[in-house]
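Structure record follows, encoded as structure tokens.
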Amino acid sequence: MPVVLDSPAAVRRAAMDLLARREHGRIELSRKLRSRGAPAELIEPALERLADEGLLSEARYLESFVRMRANAGYGPLRIREELTQRGLDREDIEQALRDSGFDWNAQLHEVWLRKFGELPGDQRERARQGRFLSYRGYPLDLIGRLLRGASLD
């Protein structure tokens, strides 16, 4: 039997259940509550209250998301794009990427070593490795230096 989200308490409970599983951004949480049948007039006040209480935090969500995606081997360009698609503020995204403490050069090298491990022998292999790393969200200048065997420092 589905839970009916027809009261402020029910909407708050549903939001807290979602937040207990992982951090959510405000827009994402609002969308999930709407998809579960919560009326818009109950969602906003519930989210306001959760934010006031420190239970809903865009900064924590950004930090968590950047860490999760970077640990999965994705670079800053891909992470930035995913967060932008989720409706987060561009300045907040940039700040979260700066504050993350990730060494994107080292991360790129690790991902490349795990996937390929040796420099490309010909143009075709170079293009294949470059496409993979670019898709993962690493800057083209870093990819080019890595694939030429140059230092990433």
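The values are calculated or read from the model by the stated rules, or taken from the named source; none is laboratory data. Note that the structure is predicted; figures quoted are calculated from it, not measured. FYI the Cβ positions are ideal-geometry reconstructions off the backbone, even for glycines, and counts take in every protein chain you see. Just so you know, the surface numbers come from the protein's heavy atoms only, side chains and all, with ligands and any DNA or RNA stripped out. Shrake-Rupley method; radii C 1.70, N 1.55, O 1.52, S 1.80 Å.
Taking segment 104-138, which residues are over 14 Å from ALA70 (Cα atoms), open to solvent by less than 70 Å² (accessible area, probe 1.4 Å) and in a loop (DSSP other than H, G, I, E, B)?
Within segment 104-138, PHE116, GLY117, PRO120 qualify.
Just one of (1) outside any helix (DSSP H, G or I); (2) over 30 Å from LEU29 (Cβ atoms); (3) not aromatic (Phe, Trp, Tyr) trips up GLY73, so point out which.
Only one criterion is unmet by GLY73, namely (2).
Which one of ARG31, ARG26, ARG36 is closer than 22 Å to ARG80 by Cβ, basic (Lys, Arg) and in contact with a helix residue (DSSP H, G or I) (Cβ under 8 Å, 6 or more places away or on another chain)?
ARG26
In the list GLU28, GLU48, GLU58, GLU82, which residue meets the criterion of being open to solvent by 10 Å² or more (accessible area, probe 1.4 Å) and over 15 Å from the mean Cα position of the chain (by Cα)?
Matching residue, one of GLU28, GLU48, GLU58, GLU82: GLU48.
Within the set of pairs 6+ apart or on separate chains, which have a first residue in segment 19-38 that is over 15 Å from SER7 (Cα atoms) and touching a residue at least 60 places away in the same chain (Cβ under 8 Å), a second that is part of a helix (DSSP H, G or I) and open to solvent by less than 50 Å² (accessible area, probe 1.4 Å), and C-beta atoms under 6 Å apart?
Matching pairs, first to second residue: GLY25/TYR61.
Mind counting the residues in segment 1-16 that are charged (D, E, K, R) and either touching a residue at least 12 places away in the same chain (Cβ under 8 Å) or not in a helix (DSSP H, G or I) (or both)?
Summing the residues that are charged (D, E, K, R) and either touching a residue at least 12 places away in the same chain (Cβ under 8 Å) or not in a helix (DSSP H, G or I) (or both) in segment 1-16 gives 2.
If ALA106 passes every condition in (1) among the aliphatic types (A, V, I, L, M); (2) under 30 Å from ARG145 (Cβ atoms); (3) touching a helix residue (DSSP H, G or I) at 6+ places or on another chain (Cβ under 8 Å) but one, which one does it miss?
Tallying (1) among the aliphatic types (A, V, I, L, M); (2) under 30 Å from ARG145 (Cβ atoms); (3) touching a helix residue (DSSP H, G or I) at 6+ places or on another chain (Cβ under 8 Å), ALA106 fails exactly one: (3).
Are there any pairs, at least 6 apart or on different chains, whose C-beta atoms fall under 8 Å, with the first in segment 59-73 and of a type in the set (Gly, Ala, Ser) and the second open to solvent by 70 Å² or more (accessible area, probe 1.4 Å) and in a helix (DSSP H, G or I), and if so, which?
What qualifies is ALA59/ASP92; GLY73/GLU110; GLY73/ARG114.
Kindly establish whether LEU19 is among the aliphatic types (A, V, I, L, M) and in a loop (DSSP other than H, G, I, E, B).
No: the conditions fail for LEU19.
Taking segment 85-103, which residues are in a helix (DSSP H, G or I) and open to solvent by less than 40 Å² (accessible area, probe 1.4 Å)?
Listed by number, the residues that qualify are ILE93, ALA96, LEU97.
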